[in-house]
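Okay, structure first, notes after.
The values are calculated or read from the model by the stated rules, or taken from the named source; none is laboratory data. For clarity, every value in this text was computed on a predicted model and none was experimentally measured. Reconstructed Cβ throughout: ideal geometry from the backbone, glycine too, with neighbour counts over all protein chains shown. Just so you know, the surface numbers come from the protein's heavy atoms only, side chains and all, with ligands and any DNA or RNA stripped out. Shrake-Rupley method; radii C 1.70, N 1.55, O 1.52, S 1.80 Å.
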Amino acid sequence: MENSAEDAEIVIIGGGICGLATALALHRKGIRSLVLERSDKLRATGAAIIMQANGWHALDQLGVASSLRHTAIPIQRGKTILLSEAEEEKETPLGTSKEFRCLKRADLIKAMANNLPVGTIRTSCQVLSIKLDPVTHFQHLTLSNGTILQAKAVIGCDGVNSIVASMVGLRPVRFLPLSTCVARGFTYYPDGHQFGAEFVMIIKDQVRLGRVPVSYNLVYWFVTRPSTNQDSTISKNPVLMRQSLMDSLKDFPAHTVEMIRNCDMNMLHLTDLKYRPPWDLLLDNFRRGTVTVAGDAMHGTGPFIAQGGAASIEDAIVLARCLAKKMHNNDANKRVQVEDNTLIEEAFDEYVKERRMRIFWLSLNSFLIGKKLDAQSLVVKVIILALIVVLFRDPDWHIHYQCGTL
Ligand SMILES: Cc1cc2nc3c(=O)[nH]c(=O)nc-3n(C[C@H](O)[C@H](O)[C@H](O)COP(=O)(O)OP(=O)(O)OC[C@H]3O[C@@H](n4cnc5c(N)ncnc54)[C@H](O)[C@@H]3O)c2cc1C
């Protein structure tokens, strides 16, 4: 790897959804960036991602929405089934009133990566530390292979355990105060499945199964269940993971257990949930000098409203727009030079200002829903429900948001 300042005006740390979206948004505005990803290839951990209307708006801005629409069927309706003595089925909006599709994460990653100029992404590049050179005012990034790279600006898209977040002074992430873990996976039906274009949640006590078709052959599912002491062992072994899920679903309809039995063992994933408390998002600094954060590094939340990925793409659009505005050049065909640190700092501040309340409310909504699901006491459940109703009268408020044009 070269040690080159020109090559690294803006360095993005992390080649996940947010890092790639940020690089693509900057590219669309004529701003060059370099993405450093620690893995040896771009990863798509977690099988699939639900993309709702606000996410599609952001993907439209990136110019990748139309090709992605060919990969995932539109979901027409959602319903919840409560398995109790008297099985109860109720139609719930589940956010499907507007565009709602379930994307394979690999398709999303590929669509963004393929639209970036060659050489934008460097894999096997783990960033260990970032230091400001007081003389040149460049950020010095030390990589795990010993290389030192200089950058005018750094955007940390390095996920929930972000080193950049700690560097800009964000408080550490915590484990979600819920005794819940989440498993996700795919099941392929060679002759087509019978689930139509419907998103279904089936709930029994503390176990919830969500099922969303990606196509007429492929179904994405997730299971939340109480964590156990064996989970760290189970999560490393797909056979144990599948068995533990089938055990958790023993009182569920037979076809759901079959779905897990026939799942793609290579795509199984079991994880604990980490988050930044919503109230931290109100107060924390998201910028230090010419370094800022986006995506889960900024606002990792529980997945209860399926918005973390979409919000990360919104971050990318807003960040690129703010930077481009400051560079006084909206001509996408012209390469913009990032020359003035003050301009970068002002752009990052505008970005943070625009994003702060959006990510606060998303995070609070997700947090309260998670707490309600987890609460054992009926009184606590009712109090949380009342809070949700008062604060989020429209349950689809988060999908009506539009991050604006690039
Ligand atoms: C169970 C679950 C279900 C979810 N479902 C949905 C959903 O349906 N819809 C939705 O919108 N969102 C969903 N989310 C949230 C969504 O997955 C995340 O918000 C999104 O993936 C965040 O992307 P990111 O790029 O910020 O972080 P990540 O995807 O974590 O990417 C970070 C990248 O940075 C790299 N990296 C880390 N450290 C370094 C370093 N030091 N140097 C170089 N590279 C580094 C990592 O290897 C990784 O590739 C869900 C989350 C969970 C946990």
Yes or no: R77 modelled with pLDDT under 95, surrounded by fewer than 17 Cβ atoms within 10 Å (Cβ to Cβ) and within 12 Å of the ligand (Cβ to nearest atom)? no
Of the conditions (1) buried (at least 19 other Cβ atoms within 10 Å of the Cβ); (2) modelled with pLDDT of 95 or more, V257 fails just one. Which one is it? (1)
In region 229-242, how many residues are open to solvent by 60 Å² or more (accessible area, probe 1.4 Å) and not in a helix (DSSP H, G or I)? 3
Residue satisfying all of: in region 22-41; within 11 Å of the ligand (Cβ to nearest atom) and open to solvent by 10 Å² or more (accessible area, probe 1.4 Å); nearest to L319 (Cα to Cα) among these: E37
Within region 42-74, the count of residues that are out of contact with any Lys or Arg (no Cβ under 6 Å at 6 or more places or on another chain), within 12 Å of the ligand (Cβ to nearest atom) and modelled with pLDDT of 95 or more comes to 8
Out of all the residues in region 159-180, which are under 16 Å from L373 (Cβ atoms) and part of a loop (DSSP other than H, G, I, E, B)? L176, P177, L178, S179
